[in-house]
Amino acid sequence: MVKAAPGGIQRPPIARWLAIESVVLVLVSLVFLVRGQVSGYSALLGGLIFLLPHGYFALKAFRYSGARSAGKIMSSFYQGEAGKLILCAIFFTMVFKWIRPLDIAALFLTFAIMLVTNWLTPLLVSSTQRR
């Protein structure tokens, strides 16, 4: 059940979204693990490079609610998005610098799969709540 904010607007079920995305990450990593250990951990890293900054954004962006907090809400969204982009850049840099060997295709493909999953998760969660 989604909690209503003081103004009657429901907050998105961020914890459920992140849980679904985490399950997808594990499944995709297991599929890549069939190709080999390097592909498996490369896929896991690609997903984590998406998921960890996305979690930061969710925590930052959805801290405030209500009409009186409109300025804080906008500010926290911008800060969360900036932080997410910076964290992605840092994580990609760390992986490319320190992880050897690396399956670059698995890394980027899993990152892309997580991005698409992120777009689809709110649709899937809202359709199951209406039933």
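Details
- Separation of alpha-carbon centers, the range 104-118 and the range 10-67, rounded to whole Å: 11
- Considering helices alone, the calculated mean residue ellipticity of the chain at 222 nm is -27500 deg cm²/dmol, with DSSP H runs of length four and up weighted by -39500 (n - 2.57) and normalised per residue.
- For the chain, the relative contact order comes to 33 percent (Cα pairs under 8 Å, sequence separation of at least 6).
Values quoted throughout were computed directly from the atomic coordinates according to the rules given, and no laboratory measurement underlies them. As the structure is a computational prediction, the values presented were derived from the model and not from experiment.
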